[in-house]
Each structure stands twice: as C-alpha cells, then as structure tokens.
Amino acid sequence: MVLTKHFTLSCHTFLLTNLFASTALIIILFSNGSEGALGNNIQECHNHKESAATTWSMPFIRLGNKRYYVGQYFKANWYRSHQFCVSHGMRLASIESKDENVGLEKHINEIGLGHEHFWTSGTDQAEEGSFVWFGNGKPITFTNWNAGEPNNFKYENGEEEHCLELWNRDGKGLKWNDTPCSFETYFVCEI
Ligand SMILES: [Ca+2]
Ligand SMILES: [Ca+2]
C-alpha cells in the first residue's frame with residue numbers, strides 16, 4: 001500500500017520528493033515491477049516541463065531568425081537585465097548583423113522608444129577593449145558604434161564603461177555606446 005501511494009504521487013509532489021532520492025532508491029530496490037510506474041512518473045514530469053516551456057506567452061517580436069523581447073516596463077542594470085532574460089528562458093540580445101540592428105531599431109522606433117537606451121549582451125568586462133557577446137559567447141564582428149565609441153569613459157567614482165547599450169546619441173539611429181554596467185535602463189532579450 002505504501003509503495004502504491006508513493007508511485008501515484010502528483011508530478012509536483014514527486015519533484016519535491018526528489019530530495020529524498022536515496023529513500024526512493026531503496027523503495028525501488030525492494031519493489032518488483034514498480035520501476036515502470038516510477039519511469040512513467042518521471043516521463044510525466046518531463047512532459048509537464050516541456051508543456052510549461054512551450055505554452056508561455058511572452059510578447060515576442062520575430063525579426064529574421066530571432067525572437068526578441070523588449071524589456072520596456074522597468075529599467076535595470078546590465079546584470080539584472082541579464083538575470084531577467086535568463087530566468088525567462090532567454091538571454092540578452094547579441095546583434096550580429098546590420099539587418100538585426102536595423103530590424104530592432106525599426107521595431108523600437110515603432111513602439112515609440114527610439115529615444116531610450118537598451119542593454120544588449122555586449123561587454124568587455126573580461127578584457128578591456130575586447131567586446132564580446134556575452135549572450136552567445138561570440139566575439140563581436142559586425143559593429144555599429146556611435147562616433148568616438150567605445151571610449152571606456154572613467155567616472156569620478158572610478159567606474160568605467162564595460163557594457164554595450166543601444167543609444168541614438170546623435171540622431172543618427174540606434175547605434176552603440178559603452179556605458180557603466182550599473183546604469184539602469186531598458187533592455188532587449190532574444191531567444
Ligand atoms: Ca570598457
Ligand atoms: Ca561610452
């Protein structure tokens with residue numbers, strides 16, 4: 001009876017009871033024919049997770065091969081922006097071509113936020129002056145810096161500029177600027 005009850009626990013409860021995996025293993029060893037039931041339970045949980053991952057309703061915009069989520073409801077520093085993207089199954093955007101930059105700029109202008117700043121995943125925190133896309137680990141090849149950027153400006157508090165934002169600084173479009181990673185602004189996630 002105890003075994004039957006154990007193997008008919010709900011998926012949620014089953015996940016919680018993973019904490020007692022060693023106990024469950026002992027139960028398995030002493031329960032002939034019950035391994036199948038346990039396997040089904042694990043499969044159910046796996047399916048449940050896949051279902052949850054494919055039924056979310058983030059307001060994505062599809063541009064080219066990527067889907068973007070524009071974080072426009074609150075401002076956050078680069079690290080918290082990264083945290084938000086990753087915790088929602090995405091990552092901060094990596095802009096790898098002119099088409100991607102143009103598409104994003106067009107969309108951001110269309111939603112009336114072309115004057116704002118937006119975090120991307122670009123950073124040179126690992127090596128000053130050597131920017132990479134933290135989101136996908138690739139070096140930056142296509143570039144779209146504002147004139148004179150990146151300048152790694154040094155502030156009075158000692159902070160320098162190591163994170164890459166989109167910013168229409170000169171009215172010449174949503175180009176790039178390195179700015180302090182602690183700066184709080186909007187952000188773009190991609191998937
Ligand atoms: Ca820098
Ligand atoms: Ca700068």
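Read-outs: derived from the displayed coordinates by stated rules, not from any lab. Note that the structure is a prediction, hence the values are computed from the model and not measured. Cβ sites come from the backbone with ideal geometry, for glycine too, and all protein chains shown count toward neighbours.
Taking 0.36 nm per intervening residue step and subtracting the Cα-Cα distance, what contour gain separates Arg80 from Lys172 on full extension?
Working: separation 92, 0.36 × 92 = 33.12 nm, distance 2.84 nm.
Separation in residues times 0.36 nm, less the Cα-Cα distance, equals 30.3 nm.
Hey, rough spin-label estimate for Tyr155 and Ala126, points 7 angstrom out along Cα→Cβ, what's it come to in nanometres?
The modelled label-to-label distance comes out at 2.5 nm.
First measure r as the distance between the Cβ atoms of Arg67 and Asn136, then evaluate 1/(1 + (r/R0)^6) with R0 = 25 Å and state the FRET efficiency to the nearest 0.05. Present the calculation step by step, with values, prior to reporting the outcome.
On the way: r = 14 Å, r/R0 = 0.58.
Here the calculated transfer efficiency is 0.95.
Under the rule a/c < 1.5 gives rounded, and otherwise a/b versus b/c splits prolate from oblate, where does segment 80-191 land using the Cα gyration tensor?
Values: a/c = 1.37, a/b = 1.13, b/c = 1.21.
Rounded, since a/c falls under 1.5.
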